DNA sequence: TCTGGGGTCCTAGGACCC
DNA sequence: TCTGGGGTCCTAGGACCC
């Protein structure tokens, strides 16, 4: 049996954790750039605020309903996540951290699964202060389904175990196809078109039809819903195949120099992440595009691959080649919204084929990067030390107007408690 | 004026080789 | 009038997840 533990409204719950004053107010957290809603408390959901809704479109409504609005504070959420995960790891030797707010636990061979799940819920809420829900079932997909089922129908219990055919069928029948893990808008439309509306309907579809219409991905889902585990628990996260950094600009940009600054800064972040996981990239992809929500604007989307002569994770080298790429795809006369970079063909740092002629440079570069990382790390990854080309971000940087403090990671921002007189 | 970012996996089709 | 077939690698695009 497999359990999935999922933090309820995670980002919103994190904001509440350090700000008791918003315990009873509706809370929403916005995406990067304060663009759209990415997390909502129950009260916010009850107001009809949708996931992904554009913030500017509901501004008045948020104010009228006294909604507490926050910019995303990933440093804070990451550190709360670490606490949740370390508590969870006490409950099973085999665990997969699936996302910032979810983990699968292997419950095979364990007894009293309901009691165990209930204990997890109680403990996380007491020790970390984040509400969670737990679903337990024979497969990951059914565990996710059990989790959603309890959230919808038994929220106050927050724990559900599918340990009998009767309970499984009841949960399948109560779950619309679009709520199945792995079914998005396209597959949901397809299933409805063929008269399958609940997970139970889908679980009774024929293998051949599903294979043909939904590929092997659909087939795997189908088997999982029938209780045959087909998606394994992944304890070690597999090495990343690529890593990308991109951001929408705080405002539209037309000037190539501004875009160069932004791209250099994203490349620097990417380089830092590469060094942290001790990888080098052999290929980088640069892309640049306009805002396709603005129908009044001419649209432009281009990307380009730049093969690096030697795999590298030196910010200096990476920026150099990123700029060459940008030179080839930049075109004046457009309102640009976003630029980004993907580092691909990653190889372990210690397996890089070195170019015979540049070893001295490589070593010097590596020392420079190490010094730079040390300093920046000390200042909570704020990229205090930058290359000149990165500029200061005044033209393109994100809007983050409602950022909460880094309560858990920056000493000056640790929560202060006042005790005694008012 | 304002609509996120970072990933994964799968498939189809083209290029190329023998 | 005829115009192979199979394997591999690459890329673009689609679908999904949180």
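Given region A:98-230 reduced to its alpha-carbon atoms as identical point scatterers, what log10 I(q)/I(0) does the Debye formula return at q = 0.13, 0.18, 0.19 Å⁻¹?
The Debye formula, applied to the Cα set alone, gives -0.55, -0.98, -1.07.
How long, wide and thick is region A:1-92, going by the Cα atoms along their three principal axes, in whole angstroms, largest first?
46, 27, 25
Write down the Kirkwood hydrodynamic radius of region A:151-190, to one decimal in angstroms, obtained as one divided by the mean of 1/r over all alpha carbon pairs. Don't skip to the answer; put the middle values down first.
Working: mean 1/r = 0.0862 Å⁻¹.
Result for region A:151-190, one decimal place: 11.6 Å.
Could you tell me the distance between the Cα centroids of region A:313-328 and region A:164-197, to the nearest Å?
Value for the Cα centre distance between the two parts: 47 Å.
Rg (Å, one decimal) plus Dmax (Å, integer) for the alpha carbons of region A:2-161?
Looking at region A:2-161, its Cα Rg and Dmax stand at 16.2, 53 Å.
Would you report the distance distribution of C-alpha pairs in region A:56-117 as whole percents per 10 angstrom bin, up to the bin with the largest distance?
Percent of pairs per bin, in order: 17, 32, 21, 18, 11, 1.
Using the 10 angstrom Cβ neighbour count as an exposure proxy, how do A:209, A:181 rank, fewest first? Each step should come with its number before you reach the end.
Details: A:209 13, A:181 17.
The most exposed by this proxy come first: A:209, A:181.
Can you tell me the 0 to 90 degree angle between the C-alpha axis of helix A:256-276 and the longest principal axis of chain A, rounded to 10?
Between helix and principal axis, roughly 60 degrees.
How large is log10 I(q)/I(0) at q = 0.06, 0.07, 0.11, 0.13 Å⁻¹ when the Debye formula is applied to the Cα atoms of chain A, each weighted equally and without solvent?
With no solvent term, the Cα-only Debye profile gives -0.32, -0.43, -1.07, -1.35.
What per residue convex hull volume, in Å³, comes out for region A:168-319 when only alpha-carbon positions are used?
On the way: hull volume 30.2 nm³, N = 152.
Considering the Cα atoms of region A:168-319, their hull volume per residue is 198 Å³.
Using every alpha carbon pair in region A:242-390, what percent of pairs falls into each 10 Å bin from 0 up to the bin containing the largest distance?
11, 40, 32, 13, 3, 0
As a test, work out the antiparallel percent of DSSP beta bridges whose residues both lie in chain A, rounded to the nearest 5. If you can, show how the numbers build up before the last one.
Details: 47 of 54 bridges.
Beta bridges within chain A, antiparallel portion: roughly 85 percent.
Can you give the angle from 0 to 90° between the axis of helix A:207-225 and the longest principal axis of chain A, with both taken from C-alpha atoms, to the nearest 10?
Between the helix axis and the principal axis of chain A, the angle is about 70 degrees.
Every number here is computed from the coordinates shown, using simple stated rules; none is lab data. Quick caveat, the model's predicted, so the values are computed rather than measured. Virtual Cβ from ideal backbone geometry, glycine too; neighbours counted across all protein chains shown.
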